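The structure under discussion appears below in the form of structure tokens.
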Amino acid sequence: MSTPTDNRANNQKVPDIDMPEGNLGVLLPGFSGAVSSTFVAGVEALKKGLGSPIGSLTQLGTIRFGKKNDTEPPRIKEVFPLAEVDDLVFGGWDIYHDNSYEAALKAGVLEKSLLDQLEGELNKTTPMPAVFENKFVKNLDGPNKKTGKTKMHLAEQLIDDIGSFKKDNALDRVVIVWCASTEVFIEPGDVHDTIEKFESGLKENHPDISPSMIYAYAAIQAGVPFANGAPNLSADAPALVELSQAEKVPIAGKDFKTGQTLMKTILASGLKARLIGIDGWFSTNILGNRDGQVLDDPHSFKTKEESKLSVLDSIFCPERYPELYSDYYHKVCINYYPPRGDAKEAWDNIDIFGWLGYPMQIKVNFLCRDSILAAPIVLDLVLLLDLAQRSDLYGVQQWLSFYFKSPMTGDGTIPVHDVFQQVIKLKSMLRQIKGEDLISHLGLDYEDLYDIG
Ligand SMILES: NC(=O)c1ccc[n+]([C@@H]2O[C@H](COP(=O)([O-])OP(=O)(O)OC[C@H]3O[C@@H](n4cnc5c(N)ncnc54)[C@H](O)[C@@H]3O)[C@@H](O)[C@H]2O)c1
């Protein structure tokens, strides 16, 4: 398989990027969930000047071109033709009927006093009926579902939904970000192998084609960029990667990197840089939102566990540093504890060793808000996938690894988990999109690494 972004990877001097004309549609499977409602309400708050886009690289980040000290690095949003926050229009699908106002009240992440000021905007949109199959998300069920004779018929209904959403809102461009529940763990099988087999599977109701894959298929067929915020197999199925290349649609995933795993990749990258050894890393957390309820099912938890466990090995490279990392014990637990809602609490115990093998310990107690950390990721993914499409990038967008716990590579290469390498990768691609020289980080050019700028 060719490199997913190879249509541009070796081409520094690039044609003009299409300018963002008109509004940009954002369609969210999982529209009535905590992440979606926190994101939509947050953007509506930004439009009214009721908050700041904290945590968003596209809104607050800077990027340097040329040599250090040439000029102050400009804001990313000032030098790239990104869609404006004011131009975002929302829609989505859910098995429940809650609009964003009702969903945000139920999620309990944002304060009612803020939501009341946005009620008019948030009440406007109710979710479209979802493609849903209970066997993939066992702990939930709801009334707002599509029916269809085959999975192909369901995909066609989603494609029609996308078309109607564009028409009703006079949109040329749409991005889809999967913010729906984590589906059960599935290994890629024969039906996920090629697009021919996958399409036959859709027509024959193959049991291993999940709803999230049907959404991904519909998005790509409709020419809409798709990102997967959950850890389940979806657009990363080889057939869908192949389709995204054939249809020239950018895709990205998977599993938003927030909370405990974000902390883990920040800490692990630093420990590895100093060649501190690891004996064990025990992570546990409590959370009480609907996501926690879904993850209480062992099959959905297995999907999440695989995603959370995968991050350390690629940072530590145990095969290269056997004396430091070959034998560490890594355990991840998630406990559903309703009283906490979205206000998750995470504990990490890290057994490390230093000079002459002397042991030490690190304890981390992170009281975070999952959806507060996820919302700016959704915003950045929407804006950057739209930019990618207007810049003729397609297939798996590895430069967006920065936002994910299990970055898709699409070409069999090992994903990058080190958060600092990820941000360099992202900015390098931004420079390339603009046809700017890449920065070597030699000499005094290291500033970019630390000031994300
Ligand atoms: N919040 C975070 O920090 C974070 C981090 C990484 C990944 N995620 C993932 O993002 C997703 C959303 O998280 P959340 O906290 O908003 O969960 P949530 O349970 O509040 O929301 C998920 C929504 O998806 C809906 N849904 C389920 N299956 C659907 C389908 N087939 N089609 C349409 N809607 C469907 C549910 O009804 C629910 O409203 C989860 O998969 C979660 O694991 C979240």
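List of remarks:
- Pair list, Cβ under 6 Å, 6 or more apart: the range 280-302 residue under 16 Å from residue 370 (Cβ atoms), other residue within 11 Å of the ligand (Cβ to nearest atom) and of a type in the set (D, E, K, R): 285/344; 287/344; 289/342; 295/304
- Residue that is in a helix (DSSP H, G or I) and either exposed (fewer than 15 other Cβ atoms within 10 Å of the Cβ) or within 16 Å of the ligand (Cβ to nearest atom) (or both), where the choices are 115, 46, 140, 28: 115
- Looking only at the range 352-371, and only at residues there that are farther than 13 Å from residue 261 by Cα and in contact with a helix residue (DSSP H, G or I) (Cβ under 7 Å, 6 or more places away or on another chain), the one that is surrounded by the most Cβ atoms within 10 Å (Cβ to Cβ): 371
Yes or no, residue by residue, for (1) more than 14 Å from the ligand (Cβ to nearest atom); (2) part of a loop (DSSP other than H, G, I, E, B); (3) over 18 Å from residue 401 (Cβ atoms); (4) over 18 Å from the mean Cα position of the chain (by Cα):
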{"position": "199", "(1), (2), (3), (4)": "yes, no, yes, yes"}
{"position": "219", "(1), (2), (3), (4)": "no, no, yes, no"}
{"position": "224", "(1), (2), (3), (4)": "yes, yes, yes, no"}
{"position": "241", "(1), (2), (3), (4)": "yes, no, no, no"}
{"position": "251", "(1), (2), (3), (4)": "yes, no, no, no"}
{"position": "293", "(1), (2), (3), (4)": "no, no, yes, yes"}
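- Of everything listed in (1) in contact with an Asp or Glu (Cβ under 7 Å, 6 or more places away or on another chain); (2) part of a loop (DSSP other than H, G, I, E, B), the single unmet condition for residue 303 is (2).
So that you can scan it fast, the table gives a plain yes or no per residue for (1) in contact (Cβ under 8 Å) with a residue 40 or more places away in the chain; (2) surrounded by fewer than 22 Cβ atoms within 10 Å (Cβ to Cβ); (3) in the same structural domain as residue 131 (by TED's automatic domain parsing):
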position: 42; (1), (2), (3): yes, no, yes
position: 62; (1), (2), (3): yes, yes, yes
position: 75; (1), (2), (3): no, yes, yes
position: 91; (1), (2), (3): yes, no, yes
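- So residue 146, is it within 11 Å of the ligand (Cβ to nearest atom), basic (Lys, Arg), more than 22 Å from residue 370 (Cα to Cα) and touching a helix residue (DSSP H, G or I) at 6+ places or on another chain (Cβ under 7 Å): yes
- Enumeration of residues in the range 206-217 that are within 16 Å of the ligand (Cβ to nearest atom) and either under 11 Å from residue 176 (Cβ atoms) or not charged (D, E, K, R) (or both): 207, 209, 210, 211, 212, 213, 214, 215, 216, 217
- Contact annotation: residue pairs with Cβ atoms under 6 Å, 6 or more positions apart or on different chains, pairing a residue in the range 170-186 that is in contact (Cβ under 8 Å) with a residue 12 or more places away in the chain with a partner that is of a type in the set (Phe, Trp, Tyr) and more than 7 Å from the ligand (Cβ to nearest atom), are 176/226; 183/136; 184/136.
- Set 285, 232: member being in the same structural domain as residue 134 (by TED's automatic domain parsing), within 12 Å of the ligand (Cβ to nearest atom) and not in a helix (DSSP H, G or I): 232
- From the options 335, 349, residue that is modelled with pLDDT of 95 or more, surrounded by fewer than 20 Cβ atoms within 10 Å (Cβ to Cβ) and not aromatic (Phe, Trp, Tyr): 349
- Any hit, the range 153-170, residues being assigned to a loop (DSSP other than H, G, I, E, B) and modelled with pLDDT of 95 or more: yes
- Test: residue in the range 326-340 that is within 23 Å of residue 409 (Cα to Cα), touching a Gly at 6+ places or on another chain (Cβ under 8 Å) and within 13 Å of the ligand (Cβ to nearest atom): no
The values are calculated or read from the model by the stated rules, or taken from the named source; none is laboratory data. Predicted model only: the values in this text are computed from it and were never measured. Methodologically, a virtual Cβ is constructed for each residue, glycine included, from the backbone with ideal geometry; neighbour enumeration extends over all protein chains shown.
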